[in-house]
Amino acid sequence: MASEPTFTDEKTLYDQPLAERPPPRQHGGYKTHLLTRSIPAILVLVATFTLFRSFFVCQHHYAPGDFPTFPGPDDTSHPKVEVEVHGMSRCPDYADCLRQLIVPTMMLVGDKVNFTLSFIGRVDPKSDAVSCMHGPAECLGNIIELCAAKVYPDPKIYLGFANCLASNYHDIPDRDLVEECAMEHAIDFQRLNRCISDEGEGIDLLRASIQRSQENNVTKSCTVRLAGKIRCIRDGGKWYDCPGGSSVHDLVREINQLYNEEY
């Protein structure tokens with residue numbers, strides 16, 4: 001396999017900040033592109049409506065009625081169960097992992113979970129250059145999702161945003177897609193773009209995330225870890241190494257057990 005393209009800083013990764021790039025292309029059909037051509041008053045109404053939508057709704061897979069209210073913490077002093085997902089933003093298994101297991105689980109027991117989103121890649125020990133399996137576009141997609149998590153640390157916002165992007169993972173990091181998903185999940189695109197484009201910030205987040213995956217010996221996208229241990233892997237279109245089962249019910253049951261007993 002040929003070695004992946006690498007980059008060492010934002011100047012290599014971005015020719016221009018997203019906010020300064022040319023307007024969205026005239027084809028493709030994303031609704032954000034249509035909205036940006038509407039009058040400001042309509043944009044304000046749409047943005048206001050978006051704030052009141054369920055943060056986990058992603059039109060590509062679910063209807064709004066399919067999502068119950070995201071649970072809030074009943075006891076903020078109670079230790080939460082550590083759940084971590086390691087993936088690659090342009091990987092179909094990562095998209096399946098979020099859609100089939102992680103998002104539905106978080107909708108049910110998110111109040112009991114301390115959730116972390118991490119990415120898999122390579123960091124050159126000599127130069128600190130970062131590479132991603134699906135190329136620089138994936139590295140940028142990873143940075144976009146990490147910046148969303150930093151700017152909006154509530155999982156019901158940034159995980160819903162990541163799930164929305166994953167629904168069209170082959171188009172990541174297309175600006176139209178990013179803006180559309182940002183609007184759907186009440187994310188300020190300009191705040192997100194500042195994190196992505198600021199000198200060193202985005203690439204540092206990605207480098208630290210990759211190193212975290214390496215330290216935990218995670219190489220497969222998507223790997224789910226529960227309480228510090230590998231719980232399940234989605235790879236090659238299949239679930240495996242899931243001793244407790246790979247269904248939402250199975251993961252929810254274990255999280256409840258850990259929360260009530262071990263924690």
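The values are calculated or read from the model by the stated rules, or taken from the named source; none is laboratory data. Treat the numbers as computed from the prediction; the structure is a model and nothing was measured. We place every Cβ from the backbone using ideal geometry, glycine too, and count neighbours over all the protein chains shown. For the accessible areas, the whole protein counts, side chains as well, though only heavy atoms, and no ligand, DNA or RNA atoms are used. Shrake-Rupley method; radii C 1.70, N 1.55, O 1.52, S 1.80 Å.
Under the shape rule built on the C-alpha gyration tensor, where the axes satisfy a ≥ b ≥ c, region 96-182 is prolate, since a/c reaches at least 1.5 and a/b is greater than b/c. A simple rule links phi to the HN-Hα coupling: the Karplus curve 6.51 cos²θ - 1.76 cosθ + 1.60 with θ = phi - 60°, which for region 163-172 gives 5, 5, 4, 5, 5, 10, 4, 5, 9, 4 Hz, with x for Gly and Pro. Does region 117-239 classify as rounded, prolate or oblate by the C-alpha gyration tensor (a ≥ b ≥ c root eigenvalues; a/c under 1.5 gives rounded; else a/b over b/c gives prolate, otherwise oblate)? Verdict is oblate for region 117-239. Going down the table (Lys126/Lys220; Lys80/Lys150; Lys156/Lys220), which pairs top 22 Å between alpha carbons? Violating the 22 Å Cα-Cα cut-off are Lys126/Lys220; Lys156/Lys220. In the context of the full set of protein chains, residues of region 81-262 present 37 Å² of accessible surface per residue (probe radius 1.4 Å, heavy atoms only).
Each part reduced to its alpha carbon centroid, region 110-159 and region 205-253 end up 15 Å apart. By its C-alpha gyration tensor, with a ≥ b ≥ c as the square roots of the eigenvalues, how is region 162-216 shaped: rounded for a/c under 1.5, else prolate for a/b larger than b/c, else oblate? Cα axes put region 162-216 in the oblate bin. On region 69-148, 49 percent of the accessible area sits on carbon and sulfur atoms, based on a 1.4 Å probe. For region 81-262, averaging the sequence separation of C-alpha pairs within contact (under 8 Å, six or more residues apart) and dividing by the residue count gives a relative contact order of 34 percent. About the centre of its Cα atoms, region 81-262 shows a dipole size close to 400 debye [charges on the beta carbon of Lys, Arg (+1) and Asp, Glu (-1) only; nearest 20 debye].
Summarising the label geometry, the points placed 7 Å from Cα in the beta-carbon direction at Asp154 and Glu261 lie 3.3 nm from one another. Per-residue surface analysis assigns Arg122 an accessible area of about 140 Å², computed on protein heavy atoms at 1.4 Å probe radius.
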